[in-house]
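What follows is calculated from the coordinates using simple rules that are stated; it is not laboratory data. Predicted, not measured: the structure shown is a model, and the values here were computed from it. As a convention, Cβ positions derive from the backbone with ideal geometry for all residues, glycine included, and neighbour counts pool all protein chains shown.
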Amino acid sequence: MTTTVKFDIDVNVKVPAPGPWEAAVKIGELAERTGVAPRLVRYYEQQGLLAAPRAANGYREYGEEHVERVRRVAGLVQSGLPTRLVKVLLDMEDARAQARPTCPRQVAELLAAELGGIEDRIACLTRSRDTIRDVLARTEHAALLPEG
């Protein structure tokens, strides 16, 4: 004897959040979200620091990963690193994420030299900060000093 069973089932399905390819934004929105001018975003692309696919109409399409990449690049550049070294650092980070060897001797020497320059700039900025703090502390405007 064959039995037929009828199911009356309500199924709730979670729709995943859009991936970067579904939530693509144009350069203007990327610039707005990162605080980096569109012209500078294009420069980052020319320097090989950023790569974005193009839509059929030729416009660049950026996703969330590009937002983070632009912020990272901008932060490194603002800290005084030249874009050629930013590229080296980002390439090394990408290689490390893929578990590949990350630092040839020549690159390590280049980075070590840059690190010395950064340390010198930090020391100079620290001295300047301390001088300004000391001058303000000795005036009637000491309350303007930031905490810390």
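Tell me which of Y59, C103, T131 sits at the most positive position along the dipole axis of region 50-132, charges placed on C-beta atoms (Lys, Arg +1; Asp, Glu -1).
Y59
Taking 0.36 nm per intervening residue step and subtracting the Cα-Cα distance, what contour gain separates T83 from R71 on full extension?
Length gained, T83 through R71: 3.0 nm.
When a/c reaches 1.5 or more, the comparison of a/b and b/c decides; with that in mind, is region 33-138 rounded, prolate or oblate per its Cα gyration tensor?
oblate
Measure out, as a whole number of angstrom, how far apart the alpha-carbon centroids of region 32-47 and region 124-148 sit.
35
Could you run the Karplus curve 6.51 cos²θ - 1.76 cosθ + 1.60 with θ = phi - 60° over region 56-70 and give me ³J(HN,Hα) per residue in whole Hz, x for Gly and Pro?
In residue order, the calculated couplings are 4, 7, x, 6, 6, 10, 10, x, 4, 5, 6, 4, 5, 5, 4 Hz.
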